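Since the structure comes first, as structure tokens, the remarks are kept for the end.
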Protein chains: 2
Amino acid sequence: METIKKKITYGSSQKPNNRAPYAKRVIAISSGKGGVGKSTVAANIAVGLAQKGLRVGLLDADIYGPSIPRLFGVENEHLAWNDNNKMIPSENFGVKLMSVGLTTPQNDTPLVWRSSVAISALIQFLDDVAWGELDYMIIDMPPGTGDVQLTMAQEIPLFGAILVTTPQMLATDDVSRAIMMFKETHVPILGIIENMSYFIAPDTKVHYDIFGSGGAKRLCENYELPLLAQIPLTCKMRELSDEGKMAIIFGENEIKKSYQEVVKKIAER
Amino acid sequence: METIKKKITYGSSQKPNNRAPYAKRVIAISSGKGGVGKSTVAANIAVGLAQKGLRVGLLDADIYGPSIPRLFGVENEHLAWNDNNKMIPSENFGVKLMSVGLTTPQNDTPLVWRSSVAISALIQFLDDVAWGELDYMIIDMPPGTGDVQLTMAQEIPLFGAILVTTPQMLATDDVSRAIMMFKETHVPILGIIENMSYFIAPDTKVHYDIFGSGGAKRLCENYELPLLAQIPLTCKMRELSDEGKMAIIFGENEIKKSYQEVVKKIAER
């Protein structure tokens with residue numbers, strides 16, 4: 001059982017590299033569990049910051065489930081290089097984007113990569129993309145606490161992490177593990193966003209606690225973290241996601257406002 | 001860009017090892033995207049097979065988000081060893097269970113493991129657990145198409161894979177990548193289960209297509225695969241999950257029946 005009990009920890013004294021010297025602040029959007037809307041949150045935060053006139057890049061580090069291209073409506077774009085042999089990021093809503101989703105020939109090409117290859121790809125996205133100068137780089141992290149998370153914490157001095165969860169216990173379990181990981185790697189946690197907090201029926205406007213309630217609030221109390229927002233689920237939001245439109249621009253007023261407040265809190269730190 | 005374009009493929013002629021000779025049939029429950037209810041589906045299928053009098057083991061291979069212990073209500077149990085120095089699996093509803101969630105001292109202990117360590121842990125779960133003779137081993141795979149999936153396809157002759165998705169396009173995108181991975185690795189796909197197909201309001205019984213509709217049907221048509229079930233989302237189902245109760249036993253009739261039909265289809269193959 002030695003292998004199972006052995007946990008890789010890394011020295012608190014070891015300063016991370018800085019592979020993104022072009023970015024003033026790098027923020028990781030993370031979750032313990034997949035499918036909680038992490039990419040949607042990352043996309044809306046990036047667009048919100050860009051709407052404030054800031055220069056923003058969004059790196060899709062979710063190698064095996066790259067959702068960013070579709071969320072930004074650029075899923076049919078393909079990678080191009082500039083004269084300096086740097087990859088040119090896609091761009092929409094004022095945000096520069098890079099994702100492995102832009103490098104595959106077809107939408108359903110699977111990236112059956114050993115994680116060392118996945119890591120090399122991400123390192124290339126940090127080193128060899130024509131990001132220009134950025135005020136913010138937002139990283140859409142893969143779910144969990146594996147190789148990519150470790151590498152990112154080692155290769156970039158993260159300004160902070162934002163954790164996304166649903167209220168459900170099965171999700172908050174996983175998020176608490178992610179919180180402990182960031183604590184151990186000395187990455188400041190800026191706060192928690194509860195997504196899919198409740199469902200608003202389009203006809204009756206009744207609120208349903210589909211995924212339970214109070215999950216993020218309990219997490220925030222347990223770990224003394226700020227609750228940045230509680231974002232409801234609506235049929236319109238899902239449609240916007242599939243259509244490459246941003247909730248912070250096209251969403252219902254309540255949702256727009258929630259996101260705008262999150263962006264304000266981030267920009268003020 | 002060599003690294004990014006290079007994809008690891010492995011020879012179709014290479015027969016996988018058989019690290020689970022004690023199991024007659026090994027079935028992987030997989031998804032492209034996390035958070036679609038893959039673990040819930042895996043748990044209910046395992047319990048359904050056990051209710052038919054079959055000997056069933058469930059291996060939680062979702063190293064970074066082990067949900068199986070809570071779904072089975074054994075999240076506070078800890079690992080024990082027998083006299084032959086084999087790990088004793090937990091057991092509930094007639095299913096033998098193994099999960100990294102049972103090996104960590106606390107629920108929020110993060111597994112900040114390099115993937116090589118994660119793989120070693122899974123290999124130990126195959127080699128060093130007192131599974132006994134099994135008719136079925138169900139593997140709850142992590143989302144995506146990475147190291148764990150590759151290793152499992154190499155180390156075990158899989159009888160087949162079942163893919164779980166929600167109707168949402170962002171989810172079916174990822175599932176189509178998983179389908180291609182299984183095709184490339186010559187693992188037969190037994191079918192697709194659409195989870196959270198629609199939400200049933202507890203008061204009015206109105207159905208809402210929260211996550212869109214028709215996603216799994218489109219996938220099945222595109223890739224010529226059977227649609228095994230469409231399982232709705234109800235408030236009760238989420239409660240059952242958090243309480244360690246199985247929908248196939250305690251759920252609403254409609255849901256029980258859907259799961260029982262899936263189990264029947266699997267057992268008949």
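Within the P(r) computed for segment A:23-74, what percentage of the Cα pairs occupies the region above 14 Å? That fraction is 54 percent.
Rounded to whole Å, give me the distance from the Cα center of segment A:224-266 to that of segment A:22-78. If we compute the Cα centre of each part, the gap is 13 Å. The mean number of Cβ atoms from other chains found within 10 Å of a Cβ in peptide A:94-103 is 1, as a whole number.
Under a no-solvent Debye model with one identical scatterer per Cα of segment B:59-148, what's log10 I(q)/I(0) at q = 0.11, 0.13, 0.25 Å⁻¹? The Cα Debye sum returns log10 ratios of -0.29, -0.40, -1.55. With the label put 7 angstrom out from Cα along the Cα-to-Cβ vector, A:ILE249 ends up 5.1 nm from the copy partners, going from closest to farthest. Taking every residue in A:115-123 and counting other chain Cβ atoms within 10 Å of its Cβ, the average works out to 5. Sparse packing (at most 12 other Cβ atoms within 10 Å of the Cβ) combined with a DSSP loop state is found for the following trypsin sites (Lys or Arg not before Pro) in segment A:186-220: A:LYS205.
Placing unit charges on the Cβ atoms only, positive for Lys and Arg and negative for Asp and Glu, gives chain A a dipole magnitude near 660 debye about its Cα centre.
Quick one: go through segment B:152-191 and flag any residue whose amide nitrogen is under 11 Å from the point 7 Å out along the Cα-to-Cβ line of B:ARG269. Answer for segment B:152-191: B:158-163, B:187-191.
Note on A:PHE250 and B:GLU224: their simple-model spin labels are 3.6 nm apart, each label 7 Å out from Cα toward Cβ.
At 10 °C and 1.306 mPa s, grab the translational diffusion coefficient of segment B:101-143 from Stokes-Einstein with a Kirkwood Rh over Cα pairs, rounded to a whole number in µm² per second.
Result for D is 128 µm²/s.
Positive-end ranking of A:THR145, B:MET237, A:GLY32 along the dipole of the protein assembly as shown, with charges on Cβ about the Cα centre, is headed by A:THR145. Per the accessible-area calculation with a 1.4 Å probe, the total area buried between chain B and chain A rounds to 6300 Å². Take the Cα of A:SER213, step 7 Å toward its Cβ, do the same at B:LYS205, and the gap between the two points is 2.5 nm.
Label points for A:LYS236 are taken 7 Å from Cα along Cα→Cβ. From this copy to the others they lie 3.2 nm apart, shortest first. Give me the Kirkwood hydrodynamic radius of the protein assembly as shown in Å, from all C-alpha pairs, to one decimal place? Taking the inverse mean of 1/r over all distinct Cα pairs, the protein assembly as shown comes out at 23.2 Å. Normalise the Debye intensity by I(0) for segment B:23-268, one equal point scatterer per Cα, no solvent, then take log10 at q = 0.08, 0.09, 0.10 Å⁻¹ and round to two decimals. The calculated log intensity ratios at q = 0.08, 0.09, 0.10 Å⁻¹ are -0.28, -0.36, -0.44. With both partners inside segment B:23-268, how many of the DSSP beta bridges are antiparallel, as a percent to the nearest 5? The answer is about 20 percent antiparallel.
For segment B:131-259, the solvent-accessible area of protein heavy atoms averages 33 Å² per residue (probe radius 1.4 Å; ligands and nucleic acids excluded).
Between copies, B:SER213 shows label-point distances of 2.9 nm, shortest first, with the point placed 7 angstrom from Cα along Cα to C-beta. For a straight C-alpha distance cut-off of 20 angstrom, the lysines reachable from A:LYS24 (same-chain residues fewer than eight places away being disregarded) are A:LYS15, A:LYS52, A:LYS96, A:LYS264, A:LYS265.
The values are calculated or read from the model by the stated rules, or taken from the named source; none is laboratory data. Computed from a prediction, not measured in an experiment: that's the story for all the values here. Every residue, glycine among them, receives a Cβ derived from its backbone with ideal geometry; neighbour counts consider all protein chains shown. Note: accessible area is taken over every heavy atom of the protein model, side chains too, but ligands, DNA and RNA are not part of it. Shrake-Rupley method; radii C 1.70, N 1.55, O 1.52, S 1.80 Å.
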